[in-house]
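Single-structure report; data block below.
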């Protein structure tokens, strides 16, 4: 009988064991949400830190709160196993490999990006990224647009995002429409069992106090970094639907609203993000480095991950009650519909930054077909790189 099918005491890991295990997993964390299966195998089957039912609760929780789902799952397991300290070391351990690699790639990019060979390679990879975002829009659409009302919400979001309306207002409107248009729909989210969760209130308050203090110091010493931190925090707070949802919001705010960099440069950051393990939202490190150097990379990285981590700490002990509310489920459904609209809008805008000719169209079409047939995104990007080197 499998471990998660029976009731028994779970093994309690040390903080060093949690950190080391997730650090090791973070080194090979390619594939985004696909990593959840590997995390389950490690935490439930091999190491028996939590049981299968608790793991499923964690997956449900991390799908309906903002932030990178895989990163949130690492924190959730640490929280269940060793409380708030366990959540911290698991979260940091899983994200460190991606941060260090992206920092190195960003520094290298800032030196070499103007070289003709580098420009040619990135030119081909831009077409691949358009295919990646288009595939994300299709995938989100299949799971989120289950009725004509959901399609309507997505279309409204497309129009508002195209007009560059405030993303927060669009998401709030989508949540409201989700509750109103689907008021007769029965929620599928039901609390099947209660799970014990360590108390997080005191730690959450301390984190919030530290965050406010950090923002205060930035406002006094470096207002430019404060602006970066506030922006990345805002993006993380409204990035429902996983880490990939952060990228279109980042593009909108950084390229279109603030013009901190141009579209092709941002696309290059996404390309580099595909070469790093961990969530694609690590693109924030690239943005921070190019805009404000080493300190900017650190501030942007902390700001893009901290808010969703705090939400996890605050919501996890009460999630059973939240997910039993049909209104909560409908609001989340509306928000996910708006992200389909956002992804569609950004697909078009990314495409406008590509010099389209037959080789670029063929490369984008091949990449899109490969992703539709479930080929791992890492192999798609690596193949796209090889083709770009040879063809462009």
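Under a plain spin-label model, where a point goes 7 Å from the Cα along Cα-to-Cβ, how far apart in nm are residue 143 and residue 221? For residue 143 paired with residue 221, the spin-label model returns 4.0 nm.
Ordered by the count of other Cβ atoms within 10 Å of each Cβ, fewest first, 62, 337, 155 give 155, 62, 337.
For the chain, what does -39500 (n - 2.57) per DSSP helix run (n ≥ 4), summed and divided by total residues, give at 222 nm, in deg cm²/dmol to the nearest 500? Only helices count here, giving -24500 deg cm²/dmol. The length gained by stretching the chain between residue 16 and residue 376 to full extension, at 0.36 nm per residue less their Cα-Cα distance, is 126.5 nm. Here the label points at residue 262 and residue 386, each 7 Å from Cα along the C-beta direction, are separated by 3.1 nm in the simple model. For helix 148-162, report the angle its Cα long axis makes with the longest principal axis of the Cα atoms of the chain; keep it between 0 and 90° and round to the nearest 10°. The answer is roughly 50 degrees.
Taking Cα atoms only, the orientation of helix 201-221 departs from the longest principal axis of the chain by about 30 degrees.
As a rough guide to protection, the peptides 40-53, 64-77 ranked by mean Cβ packing within 10 Å, highest first, stand as 64-77, 40-53. Take the Cα radius of gyration of the range 191-310 and divide it by 2.2 N^0.38 Å, N being the number of residues; the result is 1.16.
What is the helix-to-structure angle for 358-372, meaning the angle in degrees between its Cα long axis and the longest Cα principal axis of the chain, kept from 0 to 90 and rounded to the nearest 10? Approximately 10 degrees, to the nearest 10.
The slack between residue 110 and residue 169, meaning 0.36 nm per residue of separation minus the straight C-alpha distance, is 17.8 nm.
Each principal axis of the Cα atoms in the range 260-390 has its own extent, and those three values, largest first, are 55, 38, 25 angstrom.
Taking label positions 7 Å along the Cα-Cβ direction at both residue 230 and residue 100, the computed distance is 3.4 nm, reported to one decimal. Within the range 98-391, the percentage of alpha carbon pairs spaced more than 27 angstrom apart rounds to 46%. What FRET efficiency would be calculated for the residue pair residue 237, residue 46, taking the C-beta separation as r and a Förster radius of 30 Å, to the nearest 0.05? Plugging the Cβ-Cβ distance into 1/(1 + (r/R0)^6) gives 0.30.
The numbers here are math on the coordinates, done by the rules we state, and not lab data. All values reported here derive from a predicted model rather than from experimental measurement. Cβ sites come from the backbone with ideal geometry, for glycine too, and all protein chains shown count toward neighbours.
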